[in-house]
Amino acid sequence: MPLGDSVLTGIDPNQPTIGNEEIKERIAERVGPLTSVERHREVGVGPASVFTFEGARGRVGFISAMTFVLISSSATMAGAVAAAGRGDRRSCVQLLVATLGGGLVFLGMQAWEWSHVIAEGATPWQNPWGAALFGAYFFLITGFHGTHVLTGAIVLAVTAIRLHAGGSSADGVEMAGLYWHFVDLVWVFIFTLFYLL
């Protein structure tokens with residue numbers, strides 16, 4: 001058999017192949033809920049009717065305060081990284097604890113928000129203000145983010161304890177800071193997507 005494309009690519013030209021449409025269908029089956037949004041669009045239901053969560057939008061002021069708390073904790077984290085770089089262990093620990101406090105306040109506020117959204121009838125399976133799909137996305141994405149905030153809070157606590165005991169370096173504080181800033185940045189997108197648009 002001559003060395004040709006079929007040997008290099010592993011494709012046997014004598015076997016039937018699947019078309020682009022079948023590939024798209026297989027990908028769609030595996031991607032799951034994201035394809036539902038596209039199917040809603042195909043039947044003429046726009047994003048405004050699919051992504052509606054009026055109960056949560058009514059509390060934009062409260063969610064803005066949550067955002068302020070999280071972004072403020074990012075500022076204290078930046079201060080902790082700077083203090084670690086200067087070798088100021090005491091200030092660094094204090095700023096890490098302040099950042100941790102901001103994260104815990106944010107999580108408490110998120111728990112309050114969830115309790116009210118649930119009390120108004122929203123669950124991962126239903127949304128009294130629009131398409132049920134939005135309830136699933138809301139709880140999945142904000143819950144996933146909240147889990148990352150909790151993980152970050154644990155990392156901050158461990159870093160502060162280790163630093164206080166002399167066991168963490170400036171690089172360790174900086175790594176915790178990068179994670180924390182990423183979590184904050186992701187929240188800005190979540191806030192915009194679910195509460196402002």
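Every number here is computed from the coordinates shown, using simple stated rules; none is lab data. Nothing here was measured: the structure is a model prediction, and the numbers come from that model. Positions of Cβ are generated from backbone atoms using ideal geometry, with glycine treated the same way; all protein chains shown enter the neighbour counts.
I need the peptides 173-179, 88-94 ranked by packing, meaning the mean over residues of other C-beta atoms within 10 angstrom, with the highest value on top.
Values: 173-179: 19.3, 88-94: 16.7.
The peptides rank, most packed first, as 173-179, 88-94.
Ranked highest first by average number of other Cβ atoms within 10 Å, how do 190-197, 74-81 line up? Don't jump to the answer; show the numbers that get you there.
Values: 190-197: 14.5, 74-81: 20.9.
Highest-to-lowest ranking by the protection proxy: 74-81, 190-197.
At 0.36 nm per residue, and after removing the present C-alpha to C-alpha distance, how many nm does the segment from residue 162 to residue 193 gain when stretched out fully? All intermediate terms of the calculation are to be shown ahead of the outcome.
Working: separation 31, 0.36 × 31 = 11.16 nm, distance 3.70 nm.
Contour length minus Cα-Cα distance gives 7.5 nm.
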Item to check | Relative contact order (%) - criterion: Cα under 8 Å, at least six apart; region: segment 53-196 | outcome: 33 percent
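Once the Cβ-Cβ distance between residue 154 and residue 129 is put in as r, and R0 is 45 Å, what FRET efficiency do you end up with, to the nearest 0.05?
Values: r = 34 Å, r/R0 = 0.76.
So, using R0 = 45 Å, E works out to roughly 0.85.
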